[in-house]
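The values are calculated or read from the model by the stated rules, or taken from the named source; none is laboratory data. Keep in mind that what you see is a predicted model, and the values were worked out from it rather than measured. In this analysis, Cβ positions are derived from the backbone assuming ideal geometry, glycine residues included, and neighbour counts consider all displayed protein chains.
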Amino acid sequence: TSNTYALPVGVTLDRYIMRRQSDFPFASGELSQLLRDIALAGKIINKEINRAGLIDVTGDYGSSNVQGESQQKLDVIANIRFIRALKNGGECCAIISEEDEEIIYTGNDQAKYVVAMDPLDGSSNIDVNVSIGTIFAIYRRVTPVGSRATLDDFMQGGRKQVAAGYILYGSSTMLVYTTGHGVSGFTYDHSLGEFFLSHTDMRSPVKGSIYSCNEGNYTDYPAGVQAYIERCKERRYSARYIGSLVADFHRNLLKGGIYFYPPTPKAPKGKLRLLYECYPLAMIAEQAGCRASDGYQDILDIEPAGLHQRSPIYIGAKDMVDEMINRL
Ligand code: P6P
């Protein structure tokens, strides 16, 4: 159970992690340190993003990533920064990233954890100054400490995540994460270079009236999804789609809403990646009283089959996801 006392808003991330570490009686601090390392990388990327216009890191980098998408320079920088922060932090033995086809080994074979991440999701929004985000998931390795990590460490399934979170580089920069004991939100204070607790135990509304999808794909959506969208319009719900997953997810988490990226003939498994987009956000969603499904089963129950596999996703307010799923 989580500690009975609620920590006061305004406590720093470091102090919060230290105090909550007692949620894990046998914790020896590695996960705490790993969370700090992720927060540090977030601070560094935040600085790069804010300078993007000035040091010409926007625009294509010329290379393309494993997805064949043209890589924005900030994508590459973010990937490098996270890998470096996790390598130097020493608590992570291996990483998978949207930007790399293969497992990245940090050399810290004594470390107990592995990280799956999308270092900068929504990168096509960078040069139009729209909010973007980092998404991450942490697993305790299943291979012996001291050996080199393997695929098995990453293919444990969503319910084996020990922590999951995102960093939203928006009008303010926020770190939101869970270790399975509720969801906590921290807001970054640039002048102090610190994340401060701003949202304790985030709970999302069970009902909502915001729906987020790319209606440009409406014609290609399954009939049940089209029917659901029609109902949203009849009820005069708000259509809100930023085209940046972390920003859409975060707004819906706070206000109550549903985000969905259904399968289409062009994308039969949807667009979003299971291991470092759907799983982590699904863990946060469930911890905040929401639901996350692929249309047939909870996202967290999907058996992983590949590092970069995609999954359809319907995620957000429980009643909205329930109604959508009942139509599929
Ligand atoms: P579409 C951004 O590329 C992303 O991965 C998510 O951040 C976003 O929600 C989605 O894809 C947007 O995709 O096909 O609607 O442009």
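Filter the stretch 70-85 down to the residues that are surrounded by fewer than 17 Cβ atoms within 10 Å (Cβ to Cβ) and either under 25 Å from TYR139 (Cβ atoms) or at pLDDT 60 or above (or both) and list them by number.
Within the stretch 70-85, ILE80, ARG84 qualify.
Would you please list the contacts, defined by Cβ atoms under 7 Å and residues six or more apart or on different chains, that run from a residue in the stretch 87-102 that is of a type in the set (Gly, Ala, Ser) to a residue that is assigned to a loop (DSSP other than H, G, I, E, B) and modelled with pLDDT of 95 or more?
Once the first residue is of a type in the set (Gly, Ala, Ser) and sits in the stretch 87-102, its partners that are assigned to a loop (DSSP other than H, G, I, E, B) and modelled with pLDDT of 95 or more give GLY90/ASN108; GLY90/ALA111; ALA94/ILE103; ALA94/THR106; ALA94/ALA149.
So if I check each of TYR237, TYR188, TYR177, which one is away from the ligand (no atom under 14 Å from the Cβ) and more than 29 Å from ILE45 (Cβ to Cβ)?
Only one candidate passes the filter, namely TYR237.
For the stretch 233-265, give me each residue that is assigned to a loop (DSSP other than H, G, I, E, B) and free of Cβ contacts under 8 Å to residues at least 40 places away in the same chain.
Those that are assigned to a loop (DSSP other than H, G, I, E, B) and free of Cβ contacts under 8 Å to residues at least 40 places away in the same chain: ARG235, ARG236, TYR237, ARG240, TYR241.
Can you tell me which residue within the stretch 119-159, out of those that are on the phi > 0 side of the Ramachandran plot and at pLDDT 95 or above, is nearest to the ligand (Cβ to nearest atom)?
It comes out as GLY157.
Find the residue count for the stretch 195-232, including only residues that are within 14 Å of the ligand (Cβ to nearest atom), in contact (Cβ under 8 Å) with a residue 12 or more places away in the chain and of a type outside the set (A, V, I, L, M, F, W, C).
Going through the stretch 195-232 one residue at a time, the tally reaches 7.
Is it the case that the stretch 246-263 has a residue that's of a type in the set (Asp, Glu) and within 14 Å of the ligand (Cβ to nearest atom)?
Yes, that holds for at least one residue.
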